[in-house]
Amino acid sequence: MSYLDLDFKSGQARRQRQPLRNNRAPIHINRIIRGITALVTLVVSVYLILSFLPDSSAKVENSNLKLERLHYSVLLPGKDIQETPQPSLTIEPPIQPESNWETIQIKAGDTLASIFSNAGLNASTTHQVVQLNKQTKKLSKIRPGQKISILKDSEGKLTNLKYMPSLTQTLVIKRQQDKSLTSELLHHPLDPIPVFKSGEITSSLFLAAEKSDIPESVIMELAGIFGWDIDFALDIRKGDQFALVYNELFKDGERIRHGRILSAEFINQGKQYKAVYYTDPKGESGYYSPDGKSMRKAFLRSPVKFSRISSRFTRKRWHPVLSKWRSHKGVDYAAARGTPIRASGDGKITFKGTKGGYGKSIFIQHGGKYTTVYAHMTRYARGSRKGKRIKQGQIIGYVGSTGLASGPHLHYEFRVNGVHRNPLTVKLPAAEPIDKAYRAHFKKETRTYLSMLSLMDEKKVAQVTQ
Ligand SMILES: [Zn+2]
């Protein structure tokens with residue numbers, strides 16, 4: 001409650017306390033009436049003054065009023081004089097300040113309805129605001145710690161609302177002259193500042209990153225970039241070095257979080273790998289080597305994360321279900337039923353359905369040369385259908401045990417020109433390099449971040465010459 005509201009109320013009260021006025025009367029009784037009026041005025045005035053004086057009897061009888069008045073005078077520094085009745089006081093209209101915003105800090109369990117209700121706004125206003133459009137639906141997902149600011153008109157109706165659904169967005173709702181509500185979602189991106197960090201592995205990549213003050217999620221991203229060439233579980237050695245440039249994102253000078261890696265280098269067992277982030281003029285982005293080759297391969301090595309290989313590619317093996325010797329032309333990944341299965345490369349679904357021992361399966365054609373097969377699914381992913389274009393890593397189905405399977409697992413095949421090859425050892429082709437048309441653009445765009453990395457090369461030279 002603002003002190004101006006109280007001022008307004010006491011003004012109302014004073015207005016009611018001024019009923020005394022001289023009325024015009026015929027001249028012959030004018031004197032008498034004037035005398036009586038004067039007497040009445042005197043009596044009433046004395047009564048009014050006494051009732052507002054802090055005498056002892058009033059203290060007892062009106063202790064509540066007294067407390068209330070005391071409370072008001074605390075809220076109204078310097079205004080308590082106006083509380084005593086002054087017959088000559090002119091009533092000023094309540095001043096509506098330019099900024100009378102009420103800001104509410106959202107607590108656990110709060111809903112927009114409860115916040116509006118506490119702020120004196122009715123349920124239909126809540127409904128009107130939330131149902132206004134897609135932007136204002138964000139108000140139905142408020143979280144503790146966030147703030148909502150509201151402004152009401154003199155009738156207590158909502159006129160403005162401000163809410164930040166995220167650090168980079170502000171939702172503004174306004175009541176227009178025709179009483180309708182409109183909304184606007186303002187975007188204020190964080191300011192990126194590139195930072196350079198480097199480290200050397202003495203025990204583990206994570207400890208080295210921690211020592212160099214590199215966030216864990218950034219080092220995970222680094223492992224993802226080089227993960228096509230380096231097996232971070234098996235290949236890492238003491239003395240391996242890394243350097244990277246990534247964005248730190250600021251808002252009003254305060255560091256909020258980190259952005260993506262812009263360039264990175266990893267020296268694994270003496271072999272150097274470099275990568276730089278690039279977005280081509282068509283909007284396609286990814287990590288490339290400085291000479292424009294894609295850092296990723298055209299195929300994932302394994303289509304199931306968090307799995308173990310339960311059966312390898314063999315010419316001959318004992319088949320537990322058929323109880324006879326058979327060759328195994330794929331790799332089996334044992335995983336919990338329902339584990340997502342990802343397309344190992346970009347391509348097109350050429351078959352989806354139940355096929356003999358394969359059970360529920362999907363075949364994907366990748367260009368003219370490669371086909372991958374995914375069998376024993378418990379179910380398909382939504383949108384997986386014959387003829388559909390699929391991106392590498394896209395979920396196409398879920399691990400199950402349909403067809404000839406002793407337990408839930410993915411049977412995965414990799415075929416080159418129709419011939420079954422071992423998915424674990426076949427040489428995987430690299431993904432598409434930078435389009436020739438964009439080579440000049442690529443060089444120009446990536447120069448700065450690659451040169452920031454060369455700081456590490458200088459450091460190495462310095463170590464050698466010491
Ligand atoms: Zn199998």
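Any residue in segment 257-269 that is over 24 Å from LEU404 (Cα atoms), aromatic (Phe, Trp, Tyr), open to solvent by less than 40 Å² (accessible area, probe 1.4 Å) and at pLDDT below 95? Please lay out each step first, then the result.
Going through segment 257-269, the residues over 24 Å from LEU404 (Cα atoms) turn out to be 257-269.
If we keep only those that are aromatic (Phe, Trp, Tyr) too, we end up with 266.
Of the ones still in play, those that are also open to solvent by less than 40 Å² (accessible area, probe 1.4 Å) are 266.
Retained after the next criterion (residues that are at pLDDT below 95): none.
Within segment 257-269, not a single residue is over 24 Å from LEU404 (Cα atoms), aromatic (Phe, Trp, Tyr), open to solvent by less than 40 Å² (accessible area, probe 1.4 Å) and at pLDDT below 95.
Considering segment 200-253 alone, what residues qualify as being aliphatic (A, V, I, L, M) and under 25 Å from the mean Cα position of the chain (by Cα)?
Looking only at segment 200-253, we keep the residues that are aliphatic (A, V, I, L, M), and these are 201, 205, 207-209, 214, 218-220, 222-223, 225, 230, 233-234, 236, 243-245, 249.
Passing the criteria: ILE214, VAL218, ILE219, MET220, LEU222, ALA223, ILE225, VAL245, LEU249.
Could you look through segment 402-424, keep only residues that are on the phi < 0 side of the Ramachandran plot and away from the ligand (no atom under 16 Å from the Cβ), and pick out the one that is nearest to the chain's Cα centre (by Cα)?
Of all residues in segment 402-424, those on the phi < 0 side of the Ramachandran plot come to 402, 404-416, 419-424.
Add one more test, that the residue is away from the ligand (no atom under 16 Å from the Cβ), and what stays is 416, 419.
On the way: VAL416: 43, VAL419: 46 Å.
Out of the qualifying residues, it is VAL416.
Could you please find all residues in segment 270-316 being within 16 Å of the ligand (Cβ to nearest atom), assigned to a strand (DSSP E or B) and open to solvent by less than 20 Å² (accessible area, probe 1.4 Å)? Outline the logic, then answer.
Going residue by residue through segment 270-316, those that are within 16 Å of the ligand (Cβ to nearest atom) are 302-304, 307-316.
Then drop every residue that is not assigned to a strand (DSSP E or B), which leaves 308-311, 314-316.
If the condition is that a residue be within 16 Å of the ligand (Cβ to nearest atom), assigned to a strand (DSSP E or B) and open to solvent by less than 20 Å² (accessible area, probe 1.4 Å), then SER311 is the only one that fits.
Might you let me know whether segment 256-267 holds any residue that is assigned to a strand (DSSP E or B), in contact (Cβ under 8 Å) with a residue 12 or more places away in the chain, more than 16 Å from the ligand (Cβ to nearest atom) and more than 30 Å from ALA208 (Cα to Cα)?
No, segment 256-267 contains no residue that is assigned to a strand (DSSP E or B), in contact (Cβ under 8 Å) with a residue 12 or more places away in the chain, more than 16 Å from the ligand (Cβ to nearest atom) and more than 30 Å from ALA208 (Cα to Cα).
Among the numbered criteria (1) more than 28 Å from SER327 (Cα to Cα); (2) open to solvent by 50 Å² or more (accessible area, probe 1.4 Å), which single criterion is violated by GLY383?
Of the numbered conditions (1) more than 28 Å from SER327 (Cα to Cα); (2) open to solvent by 50 Å² or more (accessible area, probe 1.4 Å), the odd one out for GLY383 is (2).
Scan PRO165, PRO189 and give me the residue that is at pLDDT below 90 and either open to solvent by less than 30 Å² (accessible area, probe 1.4 Å) or of a type in the set (A, V, I, L, M, F, W, C) (or both).
Working: PRO189 fails: either open to solvent by less than 30 Å² (accessible area, probe 1.4 Å) or of a type in the set (A, V, I, L, M, F, W, C) (or both).
Checking each option against the conditions leaves just PRO165.
Pairs only if they're at least six apart or on different chains, beta carbon under 8 angstrom, first in segment 432-455 and touching a residue at least 60 places away in the same chain (Cβ under 8 Å), second assigned to a helix (DSSP H, G or I); list them, first residue then second.
Close Cβ pairs satisfying both conditions: ILE434/PHE442.
Output the number of residues of segment 322-341 satisfying the condition of being modelled with pLDDT of 85 or more, closer than 14 Å to GLU413 by Cα and open to solvent by less than 60 Å² (accessible area, probe 1.4 Å).
Going through segment 322-341, the residues modelled with pLDDT of 85 or more turn out to be 328-341.
Filter once more, keeping what is closer than 14 Å to GLU413 by Cα: 328-333, 341.
Adding the requirement that they be open to solvent by less than 60 Å² (accessible area, probe 1.4 Å) leaves 328, 330-333, 341.
Total satisfying the criteria: 6.
Could you tell me which of the residues TYR333, TYR370 is in contact with a Leu (Cβ under 6 Å, 6 or more places away or on another chain), closer than 27 Å to GLY224 by Cα and either within 12 Å of the ligand (Cβ to nearest atom) or not small (Gly, Ala, Ser) (or both)? Walk me through it before giving the result.
Numbers: TYR370 fails: in contact with a Leu (Cβ under 6 Å, 6 or more places away or on another chain).
So the residue among TYR333, TYR370 that is in contact with a Leu (Cβ under 6 Å, 6 or more places away or on another chain), closer than 27 Å to GLY224 by Cα and either within 12 Å of the ligand (Cβ to nearest atom) or not small (Gly, Ala, Ser) (or both) is TYR333.
Taking the condition at pLDDT below 95, more than 41 Å from the chain's Cα centre (by Cα) and open to solvent by less than 20 Å² (accessible area, probe 1.4 Å), does HIS319 pass? Break it down into steps so the answer makes sense when it comes.
Working: at pLDDT below 95: yes; more than 41 Å from the chain's Cα centre (by Cα): yes; open to solvent by less than 20 Å² (accessible area, probe 1.4 Å): no.
No, not satisfied.
The values are calculated or read from the model by the stated rules, or taken from the named source; none is laboratory data. None of the values given here were measured: they were computed from a predicted structure. As a convention, Cβ positions derive from the backbone with ideal geometry for all residues, glycine included, and neighbour counts pool all protein chains shown. SASA here: full protein model, heavy atoms, side chains in, ligands and nucleic acids out. Shrake-Rupley method; radii C 1.70, N 1.55, O 1.52, S 1.80 Å.
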